[in-house]
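Working notes for the structure below.
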């Protein structure tokens, strides 16, 4: 049984990932700002689950959240970096605070959450970085999976969205770097380019123009299950009718 | 029950795809030059299977092969374009015949096989292109899946391999074009970048440096099963220890 | 004084490249099917120039053309692979002949012309490939420049243009492979992605939506002049108003 | 006569850009932390030049620096975002401060400097963003050029360099977004992938394995001079002997 952390959970893709991974037998930790939604969702999951209200732009809160997860569910095996802030403004319309926030919730939260998770995956939680010489030493240390949720903007800088373009590219660069570093340690890092709009809650199941969040979550789960002899770093996902 | 054509089958990835797809319940048609190997493999599959000895560099043989497949197994639902000729020579060492052959077995065979398969997928086999206005008309016409086997060289022109670089890039361009054209018709076109060496028959299962062909085939099957609200055009695969 | 071959010359980009390179002092050889246009243009250039009517889909004609160029102007220093056939048809609407022709005029002509030019650049014209051990030996052998004219479709497979997508991707793969092989020999291979429509003859100079062919040609010349300590393999060009 | 700001100037590429642009007739403003080097260099330039000691990780200092530039040299026409901090450490070895600093000196400084420069280029300096409806109104407003110095890591996440990979990808995403937004306003945004080591001061001119910083600077200047009908967003540069 694996412990999965979803960083960035709302009523859309985050919820679908949580439900899919729980159906596959994972213990779930849900991190986001809105405690009420998290608690309702965690109560509704078929496996052990904890809601951990967290402002992902705050490093201290991320650190505390992972301590809670370890206390409640044990070491982390799977992490989904699913948070981002879309700053849909052009160069002159974007203030420094908005640009910083796109960074903090995007690549920096991805970095901080990954660092916490990787310590568990390498069996190093609560130990100093220096001890890494023996990566399989103190915890379970049997590897793990980290998935980043990307977007069209991850591979194509978007007009009128300077902060979002910076942040999504930045997270992709981080994911690629981590994949190259951590693969040999048995940690699978993947980046999924969600190239289209995700079906909003309430929209018809027949709305062909949207990605079904359950279908995205299914592909995320396949990444978790991939044999380590043939791991995917990046894949794209879009509706069959999408013009791209 | 789906009918799958594997164009390019040898004792490696082609065989693994055939076995995996048969285990998932597909009828199989195996196309390659070496009749003996094809027949032994088709006899060994748990589902209906036909060996169709075919020189994929010959347009007439491709056309005849698909006629045989339709006669024996019915319309095609899944096609895997798995053939390529690696012309590992530099510019001055490559003669025109070798360069042509890389084209003929690579992008041109992919084009010709896809054209045959798509006619079935759109319900148009044996009917004129003009009738396409009613794509679901005469055959099953309920869509399908076409997967191209790519390589590192599909995305990075390789020093000392002019023909192979041309051919693998060319097939990728073809796949992308087809994905954009055929997605709205319910045909999923995917291109898999196999970024590393595939474990040769006889090598140890523990040889970490190779991609396990069964693991690749498993990912191919997941592409066939993807929900059409979230289709992948491209993904990469490599061993966890691969430096890339 | 350098000798430049433009393979694929019409009243547009090809003509602009010829005029720009002649203004910079190059001897010019113009290759294309339409002899009349070539002769008028070569007569109008300020430097020595030869019109060599050539069907670039015919290997023998390419070989003969380069013999003519060597006889008339000496060894080749610069080659621009500027020919392509746009096969703007979808999968079922494209016949084998059209697909083959896209290959022959695109990547294959690029390969054959490059092979001829590189023999000159390495000082190997008329000598056997085996003699390459001494690349600077018999001719001028002081390197050279090869530029491929790419298009939007070189990096993005285009819906409804299977042959063109295959051919433009294929040429790009060839260019990348050649760049890696030939750079150490002092031959600069570059691929220019012309991402937009080139201003047609007769259109107003003020038409912002087009690329000015003279401006493209200017960038081509800068590639010829780049110091070999900082060579460009690929760059894109588009009008400032282009949405992309 | 154009006014150019080089943000990030040391004895290497920054100095070469400054000297090259001055030779072409630009007024120069040099921004970096080390005041002494800046002053010596600015004194040595053949055109009007100001040294503006600036910590590019500090938003207030950037704002003040551009005020100084405007007071001393007038509105900015050209900006080169040349600063970056290479955080060459892996995931667990990188602390939050180092990761933040890679962001602040890289994409954030690029954003802040670009915002200042674009206000000048659009003729909006000292006016509120809301007034942009008339972009050519109050200043010279005749466009400009912004160049980002990228690296191999801008397009390929580097093992063991999580902060640098995030920052270089992030800057590239920002540059692409800005190029799409600002091109129609006559502002040319370009991103140069410097794919190799730049020759360090003191190394031999014959050292083939390095990029000559003067040669890089020459290409930067060509970008400034490109006709707006054929602008380059991205190009790569590497030594002719580079294996890549």
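Observations, loosely collected:
- When chain A is treated as a GNM with alpha-carbon contacts under 10 Å, the residue of A:64, A:151, A:190 showing the greatest mean-square fluctuation is A:64.
- Nearest residue to the symmetry axis between A and B, taken on chain A by its Cβ, in whole Å: A:235, 2
- Label-to-label distances for residue B:44 across copies, nearest first, come out at 4.9, 6.8, 7.2 nm, using points 7 Å from Cα in the beta-carbon direction.
- Within 10 Å of each Cβ in A:179-187, the average number of Cβ atoms from other chains: 6
- Exposure proxy for C:87, A:204: other Cβ atoms within 10 Å of each Cβ, ordered fewest to most, give A:204, C:87.
- Each of D:108, C:119 was scored by other Cβ atoms within 10 Å of its Cβ. Listed from fewest to most, they are C:119, D:108.
- Exercise: per-residue mean of other protein chain Cβ atoms within 10 Å, A:35-46: 0
- The long axis of helix A:213-225 is offset from the longest Cα principal axis of chain A by roughly 30 degrees.
- Gyration tensor over alpha-carbon atoms, the protein assembly as shown, equivalent ellipsoid semi-axes in Å: 42, 41, 25
- Rounded tilt (10° steps) of B:162-182 against the dominant C-alpha axis of chain B: 30 degrees
- Per-residue average of Cβ from other chains inside 10 Å of D:153-165: 6
- The mean sequence distance of close C-alpha pairs (under 8 Å, at least 6 residues apart), as a share of the length of the stretch C:3-237, puts its relative contact order at 19 percent.
- As a length-normalised measure over Cα pairs under 8 Å and 6 or more apart, the relative contact order of the stretch C:1-102 settles at 30 percent.
- Taking the square roots of five times each eigenvalue of the Cα gyration tensor of chain D, the equivalent ellipsoid has semi-axes of 27, 21, 19 Å, listed largest first.
- Sorted from shortest to longest, the distances between the residue B:209 label points of this copy and the other copies are 2.4, 5.2, 5.6 nm, with each point 7 Å from Cα along the line through the beta carbon.
- Order of B:177, B:171 under a 10 Å beta carbon neighbour criterion, fewest first: B:177, B:171
- Legend: P(r) of the stretch B:154-244 from all alpha carbon pair distances, 5 Å bins from 0, whole percents, reading 3, 12, 19, 19, 19, 16, 9, 3, 1.
- Binning the C-alpha pair distances of the stretch A:1-111 at 10 Å intervals from 0 yields a P(r) profile of 15, 46, 27, 10, 2 %, listed from the shortest bin outward.
- Helix D:109-121 and the long axis of chain D differ in direction by around 30°, with both axes built from C-alpha atoms.
- Over the residues of the protein assembly as shown, the helix contribution to mean residue ellipticity at 222 nm works out to -12000 deg cm²/dmol, using -39500 (n - 2.57) for each DSSP H run of at least 4.
- Cα centroids of the stretch B:74-109 and the stretch C:1-43: 34 Å apart.
- Distances from residue B:1 to itself in the other copies, using label points 7 Å out along the Cα-Cβ axis, amount to 4.1, 7.6, 8.5 nm in increasing order.
None of the figures in this text is laboratory data; all of them are computed from the coordinates on show. In this text, all values refer to a predicted model and were calculated from it rather than measured experimentally. So basically every Cβ, Gly included, is an ideal-geometry build from the backbone, and we count neighbours across all protein chains shown.
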